[in-house]
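The structure appears below as structure tokens.
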């Protein structure tokens with residue numbers, strides 16, 4: 001699991017780019033984002049990025065797939 005704030009920020013950035021290009025996210029990544037969303041401060045940029053991804057999944061704009069999309 002990622003421990004440093006910088007590591008989480010980098011992972012979220014990579015994931016956001018990957019998800020945006022293929023409109024899909026793995027179940028593990030989705031679960032990680034749900035957990036991270038609850039732990040982040042509501043006024044930080046990472047919280048807003050995670051919220052956008054989770055809302056897109058909820059609306060059906062992003063599909064949940066088996067394999068990871070982040071590199």
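The values are calculated or read from the model by the stated rules, or taken from the named source; none is laboratory data. Because the structure is predicted, anything quoted here is derived from the model rather than measured. Note that we place each Cβ from the backbone using ideal geometry, even for glycine, and neighbour counts take in every protein chain shown.
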Test: residue 9 is assigned to a helix (DSSP H, G or I), in contact with a helix residue (DSSP H, G or I) (Cβ under 7 Å, 6 or more places away or on another chain) and modelled with pLDDT under 85: yes
Counting only residues in the range 20-30 that are more than 8 Å from the chain's Cα centre (by Cα) and in a helix (DSSP H, G or I), the one modelled with the lowest pLDDT is identified as 20
Per the filter on the range 31-71, residues within 12 Å of the chain's Cα centre (by Cα), in contact (Cβ under 8 Å) with a residue 24 or more places away in the chain and either closer than 19 Å to residue 7 by Cβ or in a loop (DSSP other than H, G, I, E, B) (or both) are 36, 46, 49, 50, 53, 62, 68, 69, 70
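Of the residues in the range 32-71, how many are within 14 Å of residue 14 (Cβ to Cβ) and surrounded by fewer than 11 Cβ atoms within 10 Å (Cβ to Cβ)? Show your work before the answer.
Initially, the range 32-71 is screened for residues within 14 Å of residue 14 (Cβ to Cβ), giving 32-33, 36, 46, 49-50, 53, 68-71.
Keeping just the survivors that are surrounded by fewer than 11 Cβ atoms within 10 Å (Cβ to Cβ) gives 71.
So the answer is 1.
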